[in-house]
Amino acid sequence: MKRLRAITTAAACALALVVAVPGSASAETQGNFYYLYTQADGTEKQANREELETQKCYNLPEMENSNDTKPAHSPDNKTEGTAYLYELIDCRGAKSVLKKDAKGGVNLKFRSAYFPQQKV
């Protein structure tokens, strides 16, 4: 009887752990994220990313091939969440925080972005 009770208790504890530990579910942040970048020929362009997955680091496509290119600047966060902007690719280096519906100026330079899970 003691053995059955011990097994039952162990199974209940294991189930409680599985239920209590949240999964790493990802979702999309709705809206658009805009920024400016300079092409190799010196032409400035605007880029737009939409419906970005949360909890994922995004290297800006224009920055992926080389750290020699100028970083993006002047972000405009029209998403529903906060954006973390990093000076280097792979979300490394100095981090800047841009709240939803906020804009950053020409001095806010970045090469990658991360959108954390939104709190409901």
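The values are calculated or read from the model by the stated rules, or taken from the named source; none is laboratory data. Quick caveat: nothing in here was measured; it's all calculated off a predicted structure. All accessible areas refer to the heavy atoms of the entire protein, side chains included, with ligands and DNA or RNA removed. Shrake-Rupley method; radii C 1.70, N 1.55, O 1.52, S 1.80 Å.
Under 5 Å between amide hydrogens, built in the peptide plane, is the criterion, and for T79 it picks out N32, D101 among residues at least 5 positions away or on other chains. Computed over protein heavy atoms with a 1.4 Å probe, the carbon and sulfur contribution to the accessible area of region 50-109 reaches 42%.
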